[in-house]
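The next block holds one structure in the form of C-alpha cells; read it before the comments.
The values are calculated or read from the model by the stated rules, or taken from the named source; none is laboratory data. Please read all numbers here as calculations on a predicted model, not as lab measurements. Reconstructed Cβ throughout: ideal geometry from the backbone, glycine too, with neighbour counts over all protein chains shown.
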Amino acid sequence: MGNNLLLIFLAAFIVNNILLMRYIGLCPFFGVSTSLTTAFGMSAAVLFVMLLATWVTWIVYHYLLLPLGLVFLRTATFILVIASLVQFVEMFLKKNFKTLYSALGIYLPLITTNCAILAVTFLVINYRYSLLQSTIFAIGTALGFALVIILFSAIRERLEFAPISRAFKGYPIAFISASLVALAFLGFVGLFKLTL
Amino acid sequence: MNQKVNRLKYLTDGIIIENPILVIMIGLCPTLATSITAKDALGMGIATSFVLICSNIVISAIRKFVPDSIRIPIFIIIISTFVTIVDYVMQAYAPTLYRVLGVFVPLIVVNCIILGRAEAFAYHHNIFDSFLDGLGKSLGFILVIGLMGIIREYLSQGSVFGIAIGPKFLISQPILFMIFPPGGFLLIGLLKAFINKFIIKSETFE
Amino acid sequence: MKSLTWMIISLCIICIIAAGLLARVYTITKEKIDKQITENLLKQLSYVLPAAKSFKEVIPDSLWIGYEDSLATGQKVGIVFKVGPYGYAGPIPILVGYGTDSLVKKIYIASAAEGLKETPGLGLKITEKKFKDQFNNKSYNEIKLTKDGGKISAITAATISSNAVVNGIRSGIERYKKYLLTDTIQSVATDSTIDTILIKRFKSLLPNAVKFQNVIKDSVWRGYDDKSNSIGIIFKTAPLGYGGLIPIYVGYGNDEMIKNIYISSPEEGLKETANIGTKILDERFIKQFESKKLTDLKLTVNGGPIQAISGATISSEAVLNGIREGILRYAKYLKTDSLPTR
C-alpha cells in the first residue's frame with residue numbers, strides 16, 4: 001500500500017510530469033514563468049486549489065453523479081465546481097487572510113481556465129483512485145508543476161539578457177528551452193522498473 | 001460593399017493574422033499533446049472546431065437574454081454541453097481516436113480559444129458574424145495543429161496520414177525524438193520563430 | 001430584484017436545456033458504446049483462439065473459456081487469458097489463446113492506442129507481426145528467449161519489453177492452465193422449476209423442508225416447511241480442488257448450522273484423483289460437517305474438529321474453504337424474508 005502510494009506520487013511528480021510529459025497546463029506555464037516570484041506565487045495557488053478541487057470533485061462524482069446515474073454531466077459539473085471553488089477561495093482569503101490574498105490573489109482567477117486542475121480531477125476518476133490515492137496524486141502533480149515552473153522561470157530570467165536573434169526572442173526561445181528541459185525529464189521514463 | 005469586406009475579415013483574420021495558436025498563443029496544450037500523428041491532430045482539430053463554432057452560434061443567439069453578471073457561468077455550461085456531446089459521439093463512432101485523445105477530449109472545455117471567443121466576440125456580435133469568426137479561428141487552429149501533426153508524423157514514422165512516403169531512411173531510422181514531448185516543444189518554437197520573422201513584421205510580438 | 005429573478009430563471013433554463021440535451025445524447029450513444037466494447041472484445045478473443053465459436057467469461061476481464069459451438073455448452077477448445085506484465089514504461093496488456101492441446105494459439109498485444117506505453121520504435125515493436133507471430137503454436141517449454149534456450153528471438157535493443165512478454169505469457173499459463181481440465185458445472189435448475197432429482201437431494205440436505213424457492217439462479221435456494229415458514233437455505237459452491245472444481249451443495253439452517261452437504265460424484269463432474277481425492281465422497285468425511293457452525297470449520301491440524309482425508313489434504317481443505325466461503329457469501333439470505341428484487 002505504502003509502496004503503491006509512493007509510486008503514484010513519483011509518477012505524478014516526475015515520471016509523468018504534467019507540464020513536460022503530458023502537456024497539460026501550458027498556458028500559465030509560458031504566461032507566468034517570466035520571473036521567479038510569480039512562479040512561486042502561481043505554484044502555491046495551484047497546489048492549494050488542485051487539492052481542494054480534487055477532494056470536492058471526487059466526492060461529488062462518487063456520492064452524487066455516480067449514484068444518480070448522471071455521469072454525462074461530469075464535464076459541466078466539474079468545471080462549474082472548480083470555477084465556484086476558486087471564487088469562494090478568493091473571497092475567503094480576501095476577508096480572512098489578507099497577506100495570503102495579496103500573495104496569491106492575482107493568480108486565482110487565472111486558475112479557473114488552468115487545464116491542469118480540471119485534468120487532475122478527470123484523471124483520478126479515470127484511474128479509479130481512492131480518495132487517499134487521489135490526494136497523493138494531486139499533491140504529486142502540483143509539486144511537479146511547481147518544480148518545472150520554478151526551474152524554468154530561473155532559465156527565463158537569464159534568457160532576458162542573452163543575445164538572441166530577433167525572431168527567436170520571447171516565446172520561440174522559451175519553447176526551445178522547454179524542449180531541452182523536457183529532454184532531461186524523458187530520462188525518467190524507465191524509472192518504474194526500479195520500483196517494481 | 002465595405003460591410004462585406006469587413007465580414008470576410010472576420011473569417012480570414014483567424015487563419016493567419018490572428019492565428020489562435022501561433023499569434024495569440026492560446027490553446028497550446030492540445031496542440032502539442034495530440035499532434036503526434038496527422039490523423040490524431042486532425043481529429044482533435046475537428047472536435048475543437050465543432051465546439052467552438054456551435055458555442056459561438058448559441059452564445060450569439062442568446063446574448064440579449066443573458067444577464068451580464070452571470071454570463072461566464074452560462075458560457076461555461078454551454079461550452080461543456082457541446083464538449084460532452086463530442087465526448088460521447090466520439091466514444092460511439094470513433095473509439096480508436098477517442099482512446100488516443102483520452103483526457104484531452106473533456107479538456108476542450110478549458111481551451112482558452114473557445115471561452116475567449118465567446119467573451120470577446122460572440123457576446124457582442126450577431127449570429128452570422130459569430131459563425132464566421134468561429135469558422136476562421138477553427139481553420140487557424142486546424143491549420144497549425146494539422147501542420148504539426150504532419151511534420152511530426154513524417155519525421156518520426158516516415159508517413160503522413162498512415163501512408164508511407166519519402167526516403168527509406170526515415171522508415172528504417174526514424175527521428176523518434178519528434179514523437180516525444182521535447183520534439184513537440186522544439187517544433188512549435190521553430191514555427192513561432194518563422195511566424196515572427198516573416199508574418200509579423202512589427203515589434204509587437206513579444 | 002427583477003434582475004435577480006431573471007438571473008436565476010435564465011440560469012435554470014440553460015441548465016435544464018443542457019441537462020436534457022446531454023441525457024438524450026447519452027442514451028442514444030450508450031447502446032452503441034456498449035456494443036462497441038463487447039464487439040471489440042469478441043473480435044480479440046476469436047483472433048487469439050480461432051477454433052472457438054463462443055466464449056464464456058470465467059474470471060471477469062481475465063479469463064474466458066472458448067467452446068466449439070455457438071452456445072457455450074459443447075466441447076471446450078481452449079481458454080483465453082489476459083496478463084499485464086511490466087515492460088519498460090508500464091504494463092503490457094496481452095491476450096493469450098491457449099488450446100486444449102496445451103499450445104499457445106495466437107497472442108494479441110494491445111496497441112499504443114489501447115494503452116501500451118512502450119517506447120515507439122523500440123519497445124513498441126513487440127506489437128509487430130514479426131515478433132508476435134513467433135508465439136503461434138508454441139508450447140510452454142518453447143516460450144523462452146533464444147538466449148535461454150527457447151524459440152522466441154527478442155527485439156534488438158528492447159530486451160526488457162521482449163522478456164516481459166515472454167514471462168507474462170509463461171506465468172499466465174502456469175496460473176490458468178488448470179481451467180483447461182475442468183468442465184463448467186452443468187446447470188441443474190431453471191428459474192422456477194426444480195427437477196425431481198434435485199428436490200430429492202435438497203430434502204436430504206435440509207430435513208423438514210418440503211418446498212424450495214430459487215433465490216439466485218443456480219446458486220441459492222430457500223427451503224420452507226409444511227407451514228410455509230422459511231427454515232434455511234441451500235447453496236451451491238465450487239472450490240478449486242486438486243484436479244478441478246468440486247461442486248458442493250450445502251444445506252444451511254436458520255439456526256446457522258450446517259444440516260448436510262452433498263458433493264457431486266465423478267459422473268457429475270468431479271475431477272479429483274480416483275481413490276485419493278475422491279475419498280471426499282466418503283460418508284465418514286461428509287458426516288463430519290453435520291451440525292457444524294461457521295467457526296467450527298477448521299481442520300484438526302488447525303485445532304478444529306474436521307479430520308482431513310490422509311493423502312488428500314488439498315481436496316479436503318478445498319471442500320472446507322468452499323463451504324466457509326459459501327456461508328460468508330450467502331448467509332444474508334437467511335435473514336431476509338422477502339425475495340431480493342432481481
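Working only within the range B:16-27, note down all residues that are touching a Lys or Arg at 6+ places or on another chain (Cβ under 7 Å) and more than 11 Å from chain A (Cβ to nearest Cβ).
Once the filter is applied, which keeps residues that are touching a Lys or Arg at 6+ places or on another chain (Cβ under 7 Å) and more than 11 Å from chain A (Cβ to nearest Cβ), the range B:16-27 yields only B:20.
Every residue, every condition in (1) small (Gly, Ala, Ser); (2) crowded, with 24+ Cβ neighbours inside 10 Å; (3) in contact (Cβ under 8 Å) with a residue 12 or more places away in the chain; (4) more than 10 Å from chain A (Cβ to nearest Cβ), yes or no:
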residue: B:29; (1), (2), (3), (4): no, yes, yes, no
residue: B:39; (1), (2), (3), (4): no, no, yes, yes
residue: B:46; (1), (2), (3), (4): no, no, yes, yes
residue: B:51; (1), (2), (3), (4): no, yes, yes, yes
residue: B:65; (1), (2), (3), (4): no, no, no, yes
residue: B:68; (1), (2), (3), (4): no, no, no, yes
residue: B:77; (1), (2), (3), (4): no, no, no, no
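Among the numbered conditions (1) closer than 23 Å to residue B:102 by Cα; (2) buried (at least 16 other Cβ atoms within 10 Å of the Cβ), tell me where residue A:71 comes up short.
Status for residue A:71: all satisfied but (2).
Just one of the numbered conditions (1) assigned to a helix (DSSP H, G or I); (2) within 10 Å of another protein chain (Cβ to nearest Cβ); (3) of a type outside the set (Lys, Arg) is not true of residue B:174; which one?
Unmet condition: (1).
Just give me the residues in the range A:107-125 being under 15 Å from residue A:84 (Cβ atoms) and either of a type in the set (D, E, K, R) or at pLDDT 85 or above (or both), in sequence order.
A:117, A:118, A:121
Just one of (1) surrounded by 15 or more Cβ atoms within 10 Å (Cβ to Cβ); (2) at pLDDT below 85 trips up residue C:15, so point out which.
Only one criterion in (1) surrounded by 15 or more Cβ atoms within 10 Å (Cβ to Cβ); (2) at pLDDT below 85 is unmet by residue C:15, namely (2).
Please work out which residue is farthest from the chain's Cα centre (by Cα), limiting yourself to the range B:55-93 and to residues that are within 18 Å of residue B:110 (Cβ to Cβ) and among the aromatic types (Phe, Trp, Tyr).
For the range B:55-93, the residue satisfying everything is B:75.
Identify, by number, the condition in (1) of a type in the set (Ser, Thr, Tyr); (2) modelled with pLDDT of 90 or more; (3) over 17 Å from the mean Cα position of the chain (by Cα) that residue A:134 doesn't meet.
The number of the failed condition is (3).
Consider residue C:156 carefully, then state whether it is under 30 Å from residue A:189 (Cα atoms), modelled with pLDDT under 80 and assigned to a loop (DSSP other than H, G, I, E, B).
Answer is yes for this residue.
Name the single residue that is farthest from the other protein chains (Cβ to nearest Cβ) among those in the range A:136-193 being of a type in the set (D, E, K, R) and within 16 Å of residue A:31 (Cβ to Cβ).
Out of the qualifying residues, it is A:157.
If we only count helices (runs of 4 or more DSSP H) wholly inside the range A:117-196, which ones have 1 or more residues that are within 24 Å of residue A:42 (Cβ to Cβ)?
Once the helices (runs of 4 or more DSSP H) in the range A:117-196 are filtered for at least 1 residues that are within 24 Å of residue A:42 (Cβ to Cβ), what remains is A:131-159, A:171-186.
Restricting attention to the range B:87-113, report how many residues are in contact (Cβ under 8 Å) with a residue 12 or more places away in the chain and within 10 Å of chain A (Cβ to nearest Cβ).
Here the count works out to 9.
Residues of the range A:1-28 being touching a Leu at 6+ places or on another chain (Cβ under 7 Å) and at pLDDT below 80, which ones?
A:27, A:28, listed by residue number.
What number of residues in the range C:253-293 are under 18 Å from residue C:326 (Cβ atoms) and small (Gly, Ala, Ser)?
Result for the range C:253-293: 4.
What are the pairs with Cβ atoms under 9 angstrom where one residue, in the range A:48-61, is closer than 11 Å to residue A:134 by Cα and of a type in the set (D, E, K, R) and the other, located anywhere, is assigned to a helix (DSSP H, G or I) and at pLDDT 95 or above? Sequence gap at least six, or different chains.
That search, which allows pairs on different chains as well, returns nothing.
So which of C:43, C:53, C:82, C:30 is of a type outside the set (Phe, Trp, Tyr), out of contact with any Gly (no Cβ under 7 Å at 6 or more places or on another chain) and crowded, with 19+ Cβ neighbours inside 10 Å?
C:82
Which condition from (1) part of a loop (DSSP other than H, G, I, E, B); (2) within 24 Å of residue C:213 (Cβ to Cβ) is the one that residue C:325 breaks?
Status for residue C:325: all satisfied but (1).
If we keep just the residues of the range C:275-322 that are in a helix (DSSP H, G or I) and in contact (Cβ under 8 Å) with a residue 60 or more places away in the chain, which is nearest to the chain's Cα centre (by Cα)?
Within the range C:275-322, the match that is nearest to the chain's Cα centre (by Cα) is C:322.
Could you identify the single residue in B:56, B:6 that is without any contact (Cβ under 8 Å) to a residue 24 or more places away in the chain and more than 13 Å from every other protein chain (Cβ to nearest Cβ)?
Going through B:56, B:6 in turn, just one is without any contact (Cβ under 8 Å) to a residue 24 or more places away in the chain and more than 13 Å from every other protein chain (Cβ to nearest Cβ): B:6.
Among the residues in the range B:118-130, are any aliphatic (A, V, I, L, M), closer than 21 Å to residue B:35 by Cβ and within 14 Å of chain A (Cβ to nearest Cβ)?
No, the range B:118-130 contains no residue that is aliphatic (A, V, I, L, M), closer than 21 Å to residue B:35 by Cβ and within 14 Å of chain A (Cβ to nearest Cβ).
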